[in-house]
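The values are calculated or read from the model by the stated rules, or taken from the named source; none is laboratory data. None of these values were measured; they are calculated from a predicted model. Cβ coordinates were reconstructed from backbone atoms using ideal geometry, including for glycine residues, and neighbour counts include every protein chain displayed.
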Amino acid sequence: MNPLLSIKGTIAVGFVLALAVAFGMGTGVDGLKTAAMTWLHVMAGVTWIGLLYYFNFVQVPGVGKALAEANDGGPGPAAINKYVAPTALLWFRMSAAVTWLTGVSALASIGGGMQGVIDAFTFQNGMAIIGLGAWLGTIMLFNVWVLIWPNQKKILGLDGLTHDADAIAGAKKVALLASRTNTALSIPMLLCMVGYAHAL
């Protein structure tokens, strides 16, 4: 069976190839141990920011267009809101949490323990640029879990409650603004993350 015919098989192939690179071109097990947390951090971050961009650049405009065309016989947004959004939001918030947790672990690894985390968040001992990235990521994590997710549950009816039109309109506004804030913050955050390792 071709592993590329399933998502699990595809991911497994990717990890096998990554391990082959780590052992074939890297420094073996010791190098992999050192780089593993940063590698997982980047993988989770790609998932998180990729979904953030998907929501802002694809899904929100798509749902808006579907709503506009619903009265003219269009399909409406029901399929996206029922089948796509809940799964995408699960991956979104879990990848946000994993990105933040592995990021803190990576800060500890590169900074010699918890002092590295403290140095990053207080912009000391050469950790200012990565620290700024960590602060931006922390704000973004807050937005995901405290503003976006609770309001998306209201919008999509995932909280098991009935909300009036005003409550849903308010939830849409908060979720949209928090998501757009994260999109804006992701640009300097990514600059900080890449810049730390590349002479910024």
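Here are some notes:
- The set of residues in the range 149-176 being within 30 Å of Ala106 (Cβ to Cβ) and either in contact with a Leu (Cβ under 8 Å, 6 or more places away or on another chain) or not in a helix (DSSP H, G or I) (or both) consists of Trp149, Gln152, Ala175.
- Qualifying residue in the range 184-199 (condition: in a loop (DSSP other than H, G, I, E, B) and surrounded by 15 or more Cβ atoms within 10 Å (Cβ to Cβ)): no
- Condition met for Gly111 (touching a helix residue (DSSP H, G or I) at 6+ places or on another chain (Cβ under 7 Å), within 28 Å of Asn56 (Cβ to Cβ) and surrounded by 13 or more Cβ atoms within 10 Å (Cβ to Cβ)): no
- Test: residue in the range 34-44 that is within 28 Å of Gln152 (Cβ to Cβ), of a type in the set (Gly, Ala, Ser) and surrounded by fewer than 14 Cβ atoms within 10 Å (Cβ to Cβ): no
- Among residues that are assigned to a helix (DSSP H, G or I), over 25 Å from Ala171 (Cα atoms) and at pLDDT below 95, Ala108 is included.
- Residue count for the range 124-138, restricted to those that are of a type outside the set (Gly, Ala, Ser), surrounded by fewer than 23 Cβ atoms within 10 Å (Cβ to Cβ) and not in a loop (DSSP other than H, G, I, E, B): 5.
- Hey, Asn81 surrounded by 14 or more Cβ atoms within 10 Å (Cβ to Cβ), in a helix (DSSP H, G or I) and not hydrophobic (A, V, I, L, M, F, W, C) or not: yes
- Considering the conditions (1) over 28 Å from Val63 (Cα atoms); (2) without any contact (Cβ under 8 Å) to a residue 12 or more places away in the chain, Gly76 is excluded by exactly one of them, (1).
- Residue count for the range 140-153, restricted to those that are surrounded by 15 or more Cβ atoms within 10 Å (Cβ to Cβ) and either closer than 30 Å to Thr122 by Cβ or modelled with pLDDT under 95 (or both): 8
- Residue count, the range 61-78 (criterion: buried (at least 17 other Cβ atoms within 10 Å of the Cβ) and under 26 Å from Phe142 (Cβ atoms)): 1
- Some residue of the range 28-39 being farther than 28 Å from Val104 by Cα, assigned to a helix (DSSP H, G or I) and not aliphatic (A, V, I, L, M): no
- Residue match in the range 154-163 (condition: closer than 18 Å to Gly195 by Cβ and either at pLDDT 95 or above or among the basic types (Lys, Arg) (or both)): no
- Within the range 151-190, the set of residues being under 18 Å from Trp100 (Cα atoms) and in contact (Cβ under 8 Å) with a residue 12 or more places away in the chain comprises Ala178, Ser179, Thr181, Asn182, Thr183, Leu185, Ser186, Pro188, Met189, Leu190.
- Residues in the range 1-22 that are hydrophobic (A, V, I, L, M, F, W, C) and over 28 Å from the mean Cα position of the chain (by Cα): Met1 only.
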